[in-house]
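Trainee: Encoded as structure tokens, here's the structure I'll be asking about.
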Amino acid sequence: MISTNDFRTGVTIKLDNEVYTVVDFLHVKPARGQAFVRSKIKNIRTGAVIERTFRAGEKFETAHIERREMQYLYVSGDTHTFMDTKTFEQLALTADQLGENLKYITENMTITVLVHEGDILGIEVPNFVDLKVVETAPGARGDTVSGASKPATLETGTIVQVPLFIEEGEIIRIDTRTGEYLTRA
């Protein structure tokens, strides 16, 4: 059990039969009345972030999440197959289970699968991934004063905005948290 007084960013709890991780918290001690904790918690399964207020000292069950390193092997229809890098056990996940992270994974990439009591909650991709640009319009010089961008289609099918100097065939680094171009790789 964990008390709301012990909330820290990244702590996982069970609430209403769902697993949540604490994104942000604030201990409030008003002049009159009881202290309370304002928190933002993220549902690990759905990714939804909600704001909740708890009484100070309220207790919740701690959710122990196992993180398994797995390698992405291949896609067959709507099923994506992963292999545990330690036990070589294979795991099939659907596109719904992968969610938005599917835009950033390529074959042979190592990702982290989140497991709670034998139930797969989802995956975590690295914060930064290097992907190849497969299609983009040629950049014309002198079109803008500064900071111009154009759309580029990556090898996973994702479309991101890139600077005009990026050409087809180049490898670029993408921030998976925001989906933005960072630099050439």
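The values are calculated or read from the model by the stated rules, or taken from the named source; none is laboratory data. Here the structure is a predicted model, which means the values were calculated and not measured. Neighbour counts are summed over all protein chains in view; Cβ atoms, including those assigned to glycine, are modelled from backbone coordinates with ideal geometry.
Trainee: Being without any contact (Cβ under 8 Å) to a residue 24 or more places away in the chain, among the charged types (D, E, K, R) and closer than 19 Å to R45 by Cβ is the filter here; which residues of the stretch 72-103 pass it?
Mentor: Correct list: D78, D96.
Trainee: Among the listed residues F60, F25, identify the single one that is touching a residue at least 24 places away in the same chain (Cβ under 8 Å), farther than 29 Å from D84 by Cα and of a type in the set (A, V, I, L, M, F, W, C).
Mentor: Details: F25 fails: touching a residue at least 24 places away in the same chain (Cβ under 8 Å).
It is F60.
Trainee: Can you pull out every residue in the stretch 26-49 that is within 16 Å of A63 (Cβ to Cβ) and either of a type in the set (D, E) or at pLDDT 90 or above (or both)?
Mentor: Those that are within 16 Å of A63 (Cβ to Cβ) and either of a type in the set (D, E) or at pLDDT 90 or above (or both): S39, I41.
Trainee: For T53, state whether it is part of a loop (DSSP other than H, G, I, E, B), outside the structural domain of G99 (by TED's automatic domain parsing) and surrounded by fewer than 14 Cβ atoms within 10 Å (Cβ to Cβ).
Mentor: Working: part of a loop (DSSP other than H, G, I, E, B): no; outside the structural domain of G99 (by TED's automatic domain parsing): yes; surrounded by fewer than 14 Cβ atoms within 10 Å (Cβ to Cβ): yes.
No, not satisfied.
Trainee: Condition check: assigned to a loop (DSSP other than H, G, I, E, B) and either more than 16 Å from the chain's Cα centre (by Cα) or surrounded by 13 or more Cβ atoms within 10 Å (Cβ to Cβ) (or both). Does H64 satisfy that?
Mentor: Numbers: assigned to a loop (DSSP other than H, G, I, E, B): yes; either more than 16 Å from the chain's Cα centre (by Cα) or surrounded by 13 or more Cβ atoms within 10 Å (Cβ to Cβ) (or both): yes.
Judged against the criteria, H64 is a match.
Listed here are the residues, each with its yes/no results for (1) of a type in the set (A, V, I, L, M, F, W, C); (2) within 30 Å of I13 (Cα to Cα); (3) in a strand (DSSP E or B); (4) modelled with pLDDT of 85 or more.
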site: T106; (1), (2), (3), (4): no, no, no, yes
site: I111; (1), (2), (3), (4): yes, yes, yes, yes
site: I120; (1), (2), (3), (4): yes, yes, yes, no
site: K132; (1), (2), (3), (4): no, no, yes, yes
site: E135; (1), (2), (3), (4): no, no, yes, yes
site: D143; (1), (2), (3), (4): no, no, no, no
site: K150; (1), (2), (3), (4): no, no, yes, yes
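Trainee: How many residues does the stretch 159-185 contain that are among the acidic types (D, E) and within 21 Å of the chain's Cα centre (by Cα)? Before the answer, list the steps.
Mentor: Taking the stretch 159-185 and keeping what is among the acidic types (D, E), we get 167-168, 170, 175, 180.
If we keep only those that are within 21 Å of the chain's Cα centre (by Cα) as well, we get 175, 180.
Matching residues across the stretch 159-185 total 2.
Trainee: State whether the residues of the stretch 24-45 include one that is within 22 Å of the chain's Cα centre (by Cα) and not in a strand (DSSP E or B). Walk me through how you get there before you give the answer.
Mentor: Here is the first cut: in the stretch 24-45, the ones within 22 Å of the chain's Cα centre (by Cα) are 24-25, 39-45.
With the extra rule that they be not in a strand (DSSP E or B), the set shrinks to 44-45.
Looking for residues that are within 22 Å of the chain's Cα centre (by Cα) and not in a strand (DSSP E or B), one finds at least one in the stretch 24-45, hence yes.
Trainee: Go through the stretch 46-61 and count every residue that is over 23 Å from the mean Cα position of the chain (by Cα) and within 22 Å of T156 (Cα to Cα). Write out each step before concluding.
Mentor: Our first condition is that a residue be over 23 Å from the mean Cα position of the chain (by Cα); within the stretch 46-61, this holds for 53-61.
Now narrow it down to the ones that are within 22 Å of T156 (Cα to Cα): none.
Looking only at that region, the number is 0.
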